[in-house]
Every structure is written in structure tokens, then in C-alpha cells.
1. Given LYS58/LYS160; LYS115/LYS153; LYS115/LYS160, which pairs have Cα atoms separated by over 24 Å?
2. Going by amide H atoms built from the backbone, whose H comes under 5 Å of the H on SER65, apart from near neighbours?
3. If I stretch the segment between ASP122 and SER177 completely, what's the gain in nm (0.36 nm per residue apart, minus their alpha carbon distance), one decimal?
4. Region 75-183: which chymotrypsin sites (Phe, Trp or Tyr not before Pro) are DSSP loop and have at most 11 other beta-carbon atoms within 10 angstrom?
5. Taking the Cβ of ARG125 as the center, what net charge do the other residues with Cβ under 15 Å away carry, scoring Lys and Arg +1 and Asp and Glu -1?
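What follows is calculated from the coordinates using simple rules that are stated; it is not laboratory data. Quick caveat: nothing in here was measured; it's all calculated off a predicted structure. So basically every Cβ, Gly included, is an ideal-geometry build from the backbone, and we count neighbours across all protein chains shown.
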Amino acid sequence: MNSKLTCALILFILMIMSFAMADEINVIPHEISSVSAVKTVRSGVDKRNNTLRTKQAKVVAHRGSAHWEENTLIAFQNFASTGADAVELDARSCLDGTQVIFHDSNITANGIRYKVSALTLDQLRMLKPSVCTLDEALEAIAQSGKDIFLELKETADGVKCVNSVQSRGLLSRTVFSRFMKLH
């Protein structure tokens, strides 16, 4: 047997063994065209009775949905209609302390770049009228009954964000995340 065939056979055997021993195997579609196509299936072998088990993974509408402008009220009002199980959104503070839904730390308008944290909500909305607050987004999402993945950006006020979520009874459905640089 030549060495390429031997390596391929060993890799194939190792792959089969890993599938047999795995708790869960993820099958992900090659091409993703819509949220409903993303519904991946997790499957694996139940070691107790050697049967195949499957369950659906959660589909998260990133920044609301690809069908509407990201991180906007209309995206949060409609994401559930795409079949998503949850929604992800990004919160940050603007100058007046309002928690706004905005992914980037800067906004460019008329060729000028502004820091979101250096603008009030009114100023931000003059540059981009579709900007919504965390409170507005949570009100829209609450009605969906879906889970929430809330990323707290570097300027977000964590206490205000948790209070907004908690005041709407959404704490049990919310996962908070924050990326911090370690020095």
C-alpha cells in the first residue's frame, strides 16, 4: 500500500472513531443562504443504547437579521419571522449616557468620522436616524419570546444594560458578553 493511501485510510479510521466516541457531531451546511438554511443538526451516538440522537442547534440572528439594516428597531421587530431562535446585538454608551445599539465605535457621515461615545443620542440620530436605544430594542425583542445575546462594547455601561434587561423580565433569556484586552 502506498503512503498516501495509508495516510488517508488512517485519517478515515480516526475520523470514524471520533464520530463514534463524540458526544455531539456538528453538521454544517456548505452554503448558507438564509436563516432557515442555517438550522444545523447536532447528532451523535447515545453511548447507553448505541442509537443515533439528533437535536437542532440555535440559530442566532446576528445584529437583528440580514433582511433589514443591522442593529435597527425594524431588524429587532422582525428577526423572529426569519426562523431565528435568538438575536445578537451590540450595546455601547453615547455621550449622554444612553445605551445605544451600535456595533462600531465610530460613525462616518458626510466624509467625517465621529466617535459614538462623543455624541449625544440626538446628535447620533441626526447622523443616522435608524439608531435605536437598548431600551427600544429590548421592547421589540421581548415580544418575540426569543433568547438574547447582548454584547457590551467597550463603552457600554454594564449596570445600565443589566438593569434594562432585568426591568423587562428578560434576564433568564439573556446572555451577556464583553471582550476585554488583557495587558
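1. Flagged as over cut-off: LYS58/LYS160.
2. ASN71
3. Taking 0.36 nm per residue and subtracting the Cα distance, the gain is 17.1 nm.
4. The qualifying sites are PHE179.
5. Computed value for this residue: -3.
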